[in-house]
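Accompanying notes for the structure given below.
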Amino acid sequence: RLAAAAINRAIVLGEASELPLLPEVLAFIDAAPQVVFAGGLVEVYRLTLRTLQAEHDHAAFDALLHLLAQGQEHLPQSTLAELYAFALNYCVRMVNLAEPGFDAQLYALYTLLIDRGYLLEKGELPVQHYKNYITLGLRLGHHAAIATQMHSIALLLPSSIRPNAVLFSEAALAFLVGDHRRALKLLQQVEFVDVYYHLDAKSLLLKAWYEQGEVEPLISLIESFKIYLRRSRKISEYQRMTYRNQIKVVQMLLRHRLGSRKPVAEIQAALAELRPIADLQWLERKVEELW
């Protein structure tokens, strides 16, 4: 359990962690007869470690979800919340790596955890979970449901962040239905008091200015976004890379729009290699439009 927490923290925050006895402990567990740990917390945390230590251990992830579903009646809610948080983080990593099917998997997992209150901290929903849930729902096309849920679920947020969270959600919805001017207008009202919204608001502004064909504001935003990513100490290296890669592709798209002779195939190849990356589906559509 402690190893899982340490490794997860290292992944999310980009911190180093030393666990000198972990290989011996895992070797002991793996060498034991299956019946010894089957279905218990040791097996659950062993599966959790597999999802943290391997990049694409989908079998461990599926087995973990199965055991958590079985444990609803006999595991404490605090333990379930902790374990589901690990599963959630694995899903998020897979979405950022563009693994097929994980958008829907993550949305379903968020729906379950919000409904059961597993994500609440001191009775409130952390804003990054609200943002991720709304963003996923919109990306998957659940526009009508999200238009309602963005207000009802926002009641679980800390009151200080609630207005900005709803404004950003309304801007994201406006962008997705093609009302880019309204999206820009709403985004200009958002106060960047949270690092997650700061990043995603800049990312959404990036897309909105590009869609509007506004070159000067887009160039200015690209430069300010780069500076923010370079200087902010609140951003993990993983987040930094995710948004830097997005900026790289948007710059390629902009240069092509301004007359660059770089073949579209090169931009497409670069997009296929850059991982993790924010807003992959939108970027893929924009590259396709260049052909």
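Remark: residue 85 falls outside the filter, which requires a residue to be part of a loop (DSSP other than H, G, I, E, B) and within 15 Å of the chain's Cα centre (by Cα).
If we keep just the residues of the stretch 14-68 that are more than 23 Å from the chain's Cα centre (by Cα) and of a type in the set (Asp, Glu), which is nearest to residue 80 (Cα to Cα)?
Taking the stretch 14-68 first, the residues more than 23 Å from the chain's Cα centre (by Cα) are 18-44, 46, 67.
Subset that is of a type in the set (Asp, Glu): 18, 24, 30, 43.
Numbers: 18: 26, 24: 26, 30: 23, 43: 14 Å.
Here the answer is 43.
Restricting attention to the stretch 90-105, the residues that are assigned to a helix (DSSP H, G or I), closer than 22 Å to residue 11 by Cα and at pLDDT 90 or above add up to 6. Test residue 177 against the criterion of being at pLDDT 95 or above and closer than 20 Å to residue 279 by Cβ, and give yes or no. Here the answer is no, as residue 177 does not meet what is asked.
Kindly indicate the residue of the stretch 220-255 that is of a type in the set (Gly, Ala, Ser) and free of Cβ contacts under 8 Å to residues at least 40 places away in the same chain and also least open to solvent (accessible area, probe 1.4 Å) among those meeting that condition.
By that ranking, first place goes to 232.
For the stretch 50-64, a residue qualifies if it is among the charged types (D, E, K, R) and in a loop (DSSP other than H, G, I, E, B), and the qualifying residues are 55, 57. Looking across the stretch 150-161, just one residue is modelled with pLDDT under 95 and under 20 Å from the mean Cα position of the chain (by Cα), and that is 161. Evaluating residue 181 against the criteria (1) in a helix (DSSP H, G or I); (2) open to solvent by less than 40 Å² (accessible area, probe 1.4 Å) leaves one unmet condition, (2).
Please state which one of 47, 75, 67 is over 29 Å from residue 274 (Cα atoms) and part of a helix (DSSP H, G or I).
Numbers: 47 fails: over 29 Å from residue 274 (Cα atoms); 75 fails: part of a helix (DSSP H, G or I).
Within the list 47, 75, 67, the selection yields 67.
Residues that are among the small types (Gly, Ala, Ser), surrounded by fewer than 19 Cβ atoms within 10 Å (Cβ to Cβ) and free of Cβ contacts under 8 Å to residues at least 12 places away in the same chain do occur in the stretch 268-286.
Kindly provide the set of residues from the stretch 238-263 that are over 14 Å from the mean Cα position of the chain (by Cα) and of a type in the set (D, E, K, R), ordered by number. Once the filter is applied, which keeps residues that are over 14 Å from the mean Cα position of the chain (by Cα) and of a type in the set (D, E, K, R), the stretch 238-263 yields 244, 248, 255, 257, 261, 262.
Of the residues 13, 67, 41, only one is open to solvent by less than 70 Å² (accessible area, probe 1.4 Å) and not β-branched (Val, Ile, Thr); which?
Testing whether each residue is open to solvent by less than 70 Å² (accessible area, probe 1.4 Å) and not β-branched (Val, Ile, Thr) leaves just 67.
Confirm whether residue 125 is modelled with pLDDT of 95 or more, of a type in the set (A, V, I, L, M, F, W, C), in contact with a Cys (Cβ under 6 Å, 6 or more places away or on another chain) and under 30 Å from residue 73 (Cβ atoms). Here the answer is no, as residue 125 does not meet what is asked. If you go through the stretch 78-95 one residue at a time, how many are open to solvent by 20 Å² or more (accessible area, probe 1.4 Å), closer than 22 Å to residue 272 by Cα and free of Cβ contacts under 8 Å to residues at least 60 places away in the same chain? Residues that pass the stated criteria total 2. The single residue among 98, 171, 104, 144 that is among the small types (Gly, Ala, Ser) and touching a residue at least 60 places away in the same chain (Cβ under 8 Å) turns out to be 98.
All conditions but one from (1) part of a helix (DSSP H, G or I); (2) charged (D, E, K, R); (3) under 28 Å from residue 232 (Cα atoms); (4) without any contact (Cβ under 8 Å) to a residue 40 or more places away in the chain apply to residue 18; the one that does not is (1).
The values are calculated or read from the model by the stated rules, or taken from the named source; none is laboratory data. Fair warning: this is a prediction, and the values are worked out from it, not measured in the lab. With ideal geometry, Cβ positions are generated from the backbone for all residues, glycine too; neighbour counts draw on all protein chains shown. For the accessible areas, the whole protein counts, side chains as well, though only heavy atoms, and no ligand, DNA or RNA atoms are used. Shrake-Rupley method; radii C 1.70, N 1.55, O 1.52, S 1.80 Å.
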